[in-house]
Ligand code: CTP
């Protein structure tokens, strides 16, 4: 089975309770996927009486388990809980509400719920007598008081001849409520975003290099934010000591020449390039194959590296957008404006690095500019925040 792509920030667990409305959750699963969510289905064992494992596996493209003693080495309840940004349980039966209200952990779904801090939306569906039973009312109250979001069932015809309150809500209504709870946007769905991060290194000999102080944190934050907003993201990482990002393809490079090769192969298929990497401006004219003895290390003849954005300027199609970064110590706006024009950029983020404060830090201060001048400035914000500010500005450019 091909594993459905994983997106940080858009990982959802769809829990299925043992009610007839389970079949309607197949449509809900599809619509969540249309919204750019990556969905893992966790049915209760009873739910499998209504819709079986193969259906959920085929629709989700992921393995489906309902008990903790399946896939034991994977410790599924812990790993699923750790990865899930949101949990939605639809349908939630009276029994499942009771078990959740009591903090039971007698199947995989209830284990995952207990082990997760993610926002949880429950979508009850049952016979009106069960919904209006004081036991269910008390369980719903308890769960709400613990932060669970619980939808009201709809009124209408039920499975048997009766009608009343207890119907599984329309998929569109569930989705609307879920979007509210998730508070997350998929505004980059369908876009291919290429990000470069870190700093290139130019070898002097097998031991030494010319490099810079870029940690790659900003580029990684942008890649994660773009993926969370639904984009397909490729990240070219130059010498970054940072963890992988779920669902983001990482191409590791060291030198400017390697970065150039990776850019040339990835850029043509990208809608957006965010060139966050700090490129070494010069490389040794000659790289020694042997470690140079220190008495011979008095001078190193350098030659400039190519201006990678300058080269891409000529290849850039009208539909592609490029964002550059500028780390400056003086005349910030003027230097950034001239780089924007010279390098054919749509946007540039300029930050003041006079005291070296940005490098390796989790915070950043600077200004996003386009050809008309400054658009938005940030001061001492987390690099994750700047990532989303930049993506918002980018979307305005896409129009
Ligand atoms: N850049 C590039 N190729 C280079 C140098 C820089 O593509 N050889 C890109 C950087 O990734 C960044 C932007 O150009 O997005 C501006 O980088 P910066 O180092 O500020 O610009 P330089 O052209 O190197 O100018 P400076 O003389 O100020 O170093």
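Values as computed for the structure displayed
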| item | result |
| --- | --- |
| Selection count, the range 38-64, where residues are under 18 Å from residue 113 (Cβ atoms) and either in a strand (DSSP E or B) or under 22 Å from the mean Cα position of the chain (by Cα) (or both) | 5 |
| Strands (runs of 3 or more DSSP E) contained entirely in the range 322-390, each with at least 3 residues that are within 14 Å of the ligand (Cβ to nearest atom) and in the same structural domain as residue 264 (by TED's automatic domain parsing) | 347-352, 363-370 |
| Conditions (1) more than 16 Å from the ligand (Cβ to nearest atom); (2) within 29 Å of residue 398 (Cα to Cα); (3) surrounded by fewer than 23 Cβ atoms within 10 Å (Cβ to Cβ); number of the one not met by residue 229 | (3) |
| Flag for residue 312 being in a strand (DSSP E or B), within 16 Å of the ligand (Cβ to nearest atom) and either at pLDDT 95 or above or more than 30 Å from residue 10 (Cα to Cα) (or both) | no |
| Residues being part of a helix (DSSP H, G or I) and surrounded by 11 or more Cβ atoms within 10 Å (Cβ to Cβ) - total across the range 290-300 | 0 |
| Among residues of the range 107-134, those that are under 17 Å from residue 79 (Cα atoms) and over 31 Å from the mean Cα position of the chain (by Cα), counted | 0 |
| Residue in the range 260-269 that is under 19 Å from the mean Cα position of the chain (by Cα) and away from the ligand (no atom under 16 Å from the Cβ) present | no |
| Pairs with Cβ under 9 Å, 6+ apart, first in the range 295-308 and closer than 11 Å to residue 285 by Cβ and assigned by TED's automatic domain parsing to the domain that holds residue 211, second more than 13 Å from the ligand (Cβ to nearest atom) and not in a loop (DSSP other than H, G, I, E, B) | 300/284; 301/284; 302/284; 303/284 |
| Some residue of the range 173-181 being surrounded by 13 or more Cβ atoms within 10 Å (Cβ to Cβ) and not in a helix (DSSP H, G or I) | no |
| Test result for residue 345, at pLDDT 85 or above, more than 19 Å from residue 196 (Cβ to Cβ) and surrounded by 14 or more Cβ atoms within 10 Å (Cβ to Cβ) | no |
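The values are calculated or read from the model by the stated rules, or taken from the named source; none is laboratory data. Worth saying up front: this structure is predicted, and the values here are computed from it rather than measured. Reconstructed Cβ throughout: ideal geometry from the backbone, glycine too, with neighbour counts over all protein chains shown.
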